[in-house]
Amino acid sequence: MSTTGRHAQALLRVLIVDDEPLARHRIAQLLEGEPGVSVIGTAATGDEAVAAIRETNPDVVFLDVQMPGGTGLEVVREVGPDLMPVTVFVTAHDDFAVKAFELAAADYLLKPYSDERFEEAIRRARVRVEAEDLGALREQLRVVLEMGATTAGASRYLKRIAVQSRGLLRVVPIDRVDHVEASGIYAEIHVGSERHLVRTSLSTLEEHLDPNVFFRVHRSAIVRLDEVELLIREGGGSCFVRLRNGTKLPVSRSRREELEVRLGRI
């Protein structure tokens, strides 16, 4: 996406992509109430979306995930993450799509959505356009595509994960992650002395981590096996792992034996 003159543009140029006429109309109506926004076009299929993105070069696209003539992810793949505008995914499915978008820190609207949720989405999109943090946005879309390939059955796991840090999007390579802990509705990603929160469950994250590299030692913790330094047994049957950085994490009784095998017990 070209960034020439972005700050000089008076309007946020938006493309709406959805195969349902009522859905396109609703987004257009909501955008009418937003100052400084112009709807420059609509598309009803994946093929139309690819052509419209290439021809009109919008600032923002509201992109339906399930469409005839190419899904939303196929549109991203065809256009290429490097050339996609700021993207707000729209989906009626709360399984794979939501998991992928949360792990990528991508914005999405889950149908049916409220006016307030839509306003939040366009506000975030505006901030991202103005920030011109295109490198992070491209990595964000690559994470979504990786998730799509994994869910479709490809023998691949996440190579990176997008996290929010002080209002900015950061992309963390998975090979730098030491361990992950549950923190309420979040997963807390530990990279050395750094901690990052991702709004997803540990179970969801576990599904997309290479099981040859990571192991869930407890309902509240996943560890990188290469980082495990000691397996500690304490009184009362308690068991813990100590990582190379000194972090101590509990090990469930039900997972202890498998962990020992994974660590090389003969």
Checklist entry - Among strands (runs of 3 or more DSSP E) lying entirely in the range 165-266, which contain 2 or more residues that are over 27 Å from F101 (Cα atoms)? => result 228-233, 239-243, 248-250
Checklist outcome for this item: R54 passes all but one of the listed conditions (1) among the basic types (K, R); (2) within 23 Å of E120 (Cβ to Cβ); (3) at pLDDT 95 or above; the exception is number (2)
Item to check | Any strands (runs of 3 or more DSSP E) falling wholly within the range 28-114 and containing at least 1 residues that are in contact with an Asp or Glu (Cβ under 9 Å, 6 or more places away or on another chain) and closer than 25 Å to E207 by Cα | outcome: 60-64, 86-91, 108-110
Next on the checklist: I'm checking my understanding of the structure. Among residues of the range 221-266 that are of a type in the set (S, T, Y) and more than 23 Å from D175 (Cβ to Cβ), which one is modelled with the highest pLDDT?
Outcome noted: S252
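Go over the candidates S220, S254 one by one and state the one that is surrounded by 11 or more Cβ atoms within 10 Å (Cβ to Cβ) and small (G, A, S).
On the way: S254 fails: surrounded by 11 or more Cβ atoms within 10 Å (Cβ to Cβ).
The match here is S220.
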Item to check | Residues within the range 166-212 that are closer than 21 Å to C239 by Cβ and of a type in the set (V, I, T), tallied | outcome: 1
Checklist outcome for this item: Output for Cβ contacts, cut-off 8 Å, separation at least six or different chains, first residue farther than 14 Å from V86 by Cα in the range 106-126, second of a type in the set (D, E), reads L110/D94; E119/E34
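The values are calculated or read from the model by the stated rules, or taken from the named source; none is laboratory data. None of these values were measured; they are calculated from a predicted model. No Cβ is skipped: glycine too gets one built from the backbone with ideal geometry, and neighbour counts run over all protein chains shown.
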